[in-house]
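Engineer: Below is the structure I would like to discuss, written out as structure tokens.
We did not get these values from a lab; they are worked out from the coordinates using the rules stated. Since the structure is predicted, the reported quantities are computational estimates derived from the model, not experimental observations. In this analysis, Cβ positions are derived from the backbone assuming ideal geometry, glycine residues included, and neighbour counts consider all displayed protein chains.
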Amino acid sequence: MDFTKAITYPFDDQDWVQKLGIAAGIFLGGILLSFLLGIPAILAGLILGGWQFEILKRVKRNDSLPLPAFDDFGGLLSKGFTLALGMIVYQIPTILFACAMSLFFLLPAMSGGDSDAAAALTGVAGIAVACCSCLIILYAIAASIVYAGGLIRFADREELGTFFQIGENFALVRNNIGDFGMAVLYLIGAGLVAGVAGSIVPLIGTIAAQVFIYYFSGHILGQLAAKISGSSVPAV
């Protein structure tokens, strides 16, 4: 996978200023309007998620201009919504574990007013929460990687049921673990860079970093899809 190309490819498009500018405007609009209502931020994320997926598909089929225009907001929103549903399916255990973990915070209340017992139970609760948090994070990462396997197969046949074929999606990841591992490292690296940029210039840097993450991730996943398309299990 070409890390550099994933960074620079938008600038090969003569309309890159307009396309990236619209992406930035959607993200900024979602942030500003979310102060009044949370829904705009969700809609912005779904639209940009659909846009990212279009990048993936274009890279996979080796389009000369993989940066899509925002000429079908309804289609991008619909695609982003489908992808979000797929992700939620994989992260349901994460949500359930997090809810169960919150019960540990009730342990100090069982001390019966004994300060020593309360301190001990607080310590136990802290250790339990820390351990559960580690498990939740590990599961969330693993589930996201298997979801990526489903996303690769979804690009071949855009049906929500593809994400429910967990065995096939896991098999795709397992059979191409090196390529998926490299993609994950690239995405983590890009996320760290974006985080630094956002912290240095809070608003403009954050917006630019988020747009970068969307288009960079789309290209990396598109490269991954193209590389392993021969070994991909057809979505049925």
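Engineer: Taking the C-alpha atoms of the chain, how large are the radius of gyration and the largest Cα-Cα span, Dmax, in Å?
Structural biologist: According to the Cα coordinates of the chain, Rg and Dmax are 20.6, 71 Å.
Engineer: Given 5 Å bins starting at zero, what is the percent of C-alpha pairs of region 127-236 in each, up to the one with the largest pair distance?
Structural biologist: The percentages, shortest bin first, are 2, 12, 18, 18, 16, 15, 11, 6, 2, 0.
Engineer: Place +1 on the Cβ of every Lys and Arg and -1 on the Cβ of every Asp and Glu in region 3-231, take the dipole about the Cα centre, and give the residue among Val173, Gly74, Gly45 whose Cα lies farthest towards its positive end.
Structural biologist: Checking the options against the dipole of region 3-231, the answer is Val173.
Engineer: Taking the Cα centre of the chain as origin and charging only Cβ (+1 Lys, Arg; -1 Asp, Glu), how large is the dipole, in debye to the nearest 20?
Structural biologist: Details: 11 positive and 15 negative charges, 62 e Å.
Using only the charged Cβ atoms, the result is roughly 300 debye.
Engineer: Could you line up Thr122, Thr8, Thr94 from fewest to most neighbouring Cβ atoms inside 10 Å?
Structural biologist: Working: Thr122 14, Thr8 10, Thr94 17.
Fewest-to-most ranking of Thr122, Thr8, Thr94: Thr8, Thr122, Thr94.
Engineer: With θ set to phi - 60°, apply the Karplus curve 6.51 cos²θ - 1.76 cosθ + 1.60 along region 155-160 and write out the HN-Hα couplings as whole Hz, x wherever there is a Gly or Pro.
Structural biologist: Karplus values, whole Hz, x for Gly and Pro: 5, 7, 9, 7, 10, 4.
Engineer: Report, in degrees rounded to the nearest 10, the 0 to 90 angle that the Cα long axis of helix 39-60 makes with the longest principal axis of the chain.
Structural biologist: Long axis of 39-60 versus the principal axis of the chain: about 50 degrees.
Engineer: If r is the Cβ-Cβ distance from Val193 to Phe164 and R0 is 41 Å, what FRET efficiency results, to the nearest 0.05? Walk me through the intermediate numbers first.
Structural biologist: On the way: r = 34 Å, r/R0 = 0.83.
Efficiency for this residue pair is about 0.75.
Engineer: What is the calculated FRET efficiency for Asp72 to Ile42, with r their C-beta to C-beta distance and R₀ = 30 Å, to the nearest 0.05?
Structural biologist: On the way: r = 19 Å, r/R0 = 0.63.
E between Asp72 and Ile42, to the nearest 0.05, is 0.95.
Engineer: Against the longest alpha carbon principal axis of the chain, how many degrees, from 0 to 90 and to the nearest 10, is the axis of helix 73-101 turned?
Structural biologist: Value to nearest ten degrees: 20.
Engineer: Which FRET efficiency, nearest 0.05, do Ala98 and Ile204 yield, Cβ-Cβ r, R0 41 Å? If you can, show how the numbers build up before the last one.
Structural biologist: Details: r = 33 Å, r/R0 = 0.80.
Computed FRET efficiency for Ala98 and Ile204 comes out at 0.80.
Engineer: For the charge dipole of the chain, defined by +1 on Lys and Arg C-beta atoms and -1 on Asp and Glu C-beta atoms about the Cα centroid, which residue among Gly21, Val196, Met1 has the Cα displaced farthest towards the positive pole?
Structural biologist: Met1
Engineer: On to the next question. Divide by every residue of the chain the summed helix terms, -39500 (n - 2.57) for each DSSP H run of at least 4, and state the resulting mean residue ellipticity at 222 nm, rounded to the nearest 500 deg cm²/dmol. Walk me through the numbers on the way to the answer.
Structural biologist: On the way: 9 runs with 179 residues, N = 236.
Rounded to the nearest 500, the figure is -26000 deg cm²/dmol.
Engineer: Compute the angle between helix 115-154 and the longest alpha-carbon principal axis of the chain, please, reported from 0 to 90 degrees and rounded to the nearest 10.
Structural biologist: 20 degrees
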